[in-house]
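The values are calculated or read from the model by the stated rules, or taken from the named source; none is laboratory data. The shown structure was predicted, so the numbers you read here are calculated from the model rather than taken from an experiment. Because the Cβ atoms are built from the backbone with ideal geometry, glycine has one as well, and the counts that use them run over all protein chains shown. Protein only, heavy atoms only, side chains kept; ligands, DNA and RNA dropped before computing areas. Shrake-Rupley method; radii C 1.70, N 1.55, O 1.52, S 1.80 Å.
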Amino acid sequence: MSAVAAIGQIERSLLQVRSLHKNFGGVKAVSDISFDVPAGSIFSVIGPNGAGKSTLLNLISGVYQPDSGSLSFNGTALSAMPAHRRVRLGIARTFQKIRLFKQLSVLENVIAGFHVHHHIPAWQYVTHGAAFAADQRRCRERAVQLLHFVGMSGRLDVLAGSLSYGEQRMLELARALATKPQLLLIDEPAAGLNAAEVDGLLDRIRSLRNDRMTVILVEHNMDLVMNVADRIMVMDYGRRLFEGSPAEVQKNPAVIAAYLGGELL
Ligand SMILES: Nc1ncnc2c1ncn2[C@@H]1O[C@H](COP(=O)(O)OP(=O)(O)OP(=O)(O)O)[C@@H](O)[C@H]1O
Ligand SMILES: [Mg+2]
């Protein structure tokens, strides 16, 4: 193989994180974190409660700004860029604490997720012109497809507030996907899911990867992480304890001592 071909085979890094720091008062929530996420891969972040996993997702999605360090997405520096611009750039997320419009239907919740990608001039919304109707139809069709993907085709008109916990998690996923992200950040998607629902989630994350989406998965459910992740970063007290493949993480004595205990043995 030629050198050029070999270089072409090296996975392009979609997200580069360098020396990120975030303190809350005296708490070093994220401390000197650096890593690369190759395009089209599933990168998982694990670690004990309070390790800094959600803070890291908040720094990537722009909910928080880092005290120092840098983030680069597709070669674009994210520093100081507000969260809504990062969504337009192709970064979407779900939250550890579910955030849905409880008084809206399942379908309406997903349609609300499309607001960043309307294709028509703003005045059409005021006059309700033909393009407005076409845009509404497109959004509705796509929302129906996404709800089919998360297994909720039969629940389109149900109010989000009356869904089971597992269904609410799947609705959040569908809504995040409505922005057509290149990078999807998911914070504990399996929390509160039953075994069958976790299996469904596993299939869906794999299917997203088949579609070349890049995923950062924060999760406590080790079965899910070990089955789906390409690489895993282990955090503890804000710091990176270890990074490697699932097999390497399961073998690493420091990881086992600090976090995994007998869970994987
Ligand atoms: N907005 C905030 N203000 C003050 N402290 C915070 C804030 N957000 C997080 N922290 C603190 O930062 C540390 C890391 O919290 P974080 O939520 O990132 O952990 P986590 O790894 O997501 O934990 P869990 O597994 O319980 O979700 C904790 O000590 C937490 O109390
Ligand atoms: Mg968290």
With every protein chain present, what accessible area does Ile216 have (1.4 Å probe, heavy atoms only), rounded to the nearest 10 Å²? 0
Cα coordinate range in the chain, projected on the principal axes (Å, largest first): 62, 51, 42
Under the Karplus relation with 6.51, -1.76 and 1.60 and θ = phi - 60°, whole-Hz ³J(HN,Hα) for the stretch 232-241, x at Gly and Pro, equal 10, 10, 9, 10, 8, 6, x, 9, 7, 8
So what are the radius of gyration and Dmax for the Cα set of the stretch 181-261, in Å? 13.1, 36
For the chain, take the longest principal axis of its alpha carbons; what is the angle in degrees between that and the long axis of helix 165-177, to the nearest 10 within 0 to 90? 80
What distance in nm lies between label points placed 7 Å from Cα along the C-beta direction at Val144 and Asp32? 5.5
Estimated inter-spin distance, Ala191 and Ala257, nm [label 7 Å along Cα→Cβ]: 2.9
Got a sec to turn the phi values of the stretch 133-142 into Karplus ³J(HN,Hα) couplings, 6.51 cos²θ - 1.76 cosθ + 1.60 with θ = phi - 60°, whole Hz, x for Gly and Pro? 5, 5, 5, 4, 5, 4, 4, 5, 4, 5
Under the helix-only model (-39500 (n - 2.57) for each DSSP H run of 4 or more, divided by the residues of the chain), the mean residue ellipticity at 222 nm, to 500 deg cm²/dmol, is -10500 deg cm²/dmol
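Within the chain, which is the longest segment containing none of the trypsin sites (Lys or Arg not before Pro) that sit in a DSSP loop and have at most 14 other Cβ atoms within 10 Å?
Working: sites that count: Arg12, Lys97, Arg99, Lys102, Arg212.
Here the longest run is 103-211.
What is the calculated FRET efficiency for Ala112 to Ser19, with r their C-beta to C-beta distance and R₀ = 35 Å, to the nearest 0.05?
Step by step, r from the Cβ atoms, then E = 0.45.
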Taking only pairs that are 8 or more places apart or on different chains, how many Lys pairs in the chain have Cα atoms under 22 angstrom apart? 7
Sorted from largest down, what three extents in whole angstroms do the Cα atoms of the stretch 125-206 have along their principal axes? 48, 30, 17
What FRET efficiency comes out for Arg239 versus Ser162 if R0 is 51 angstrom and r is the Cβ-Cβ distance? Round to the nearest 0.05. 0.75
Sorting Asp157, Asp187 on solvent-accessible surface, 1.4 Å probe, most exposed first, gives Asp157, Asp187
J(HN,Hα) series, the stretch 26-34, from Karplus relation 6.51 cos²θ - 1.76 cosθ + 1.60, nearest Hz, glycine and proline x: x, 8, 7, 5, 10, 10, 6, 9, 9
Would you please give the residues with an amide H less than 5 Å from that of Asp236, counting only those at least 5 places away or on a separate chain, with H modeled from the backbone geometry? Leu241
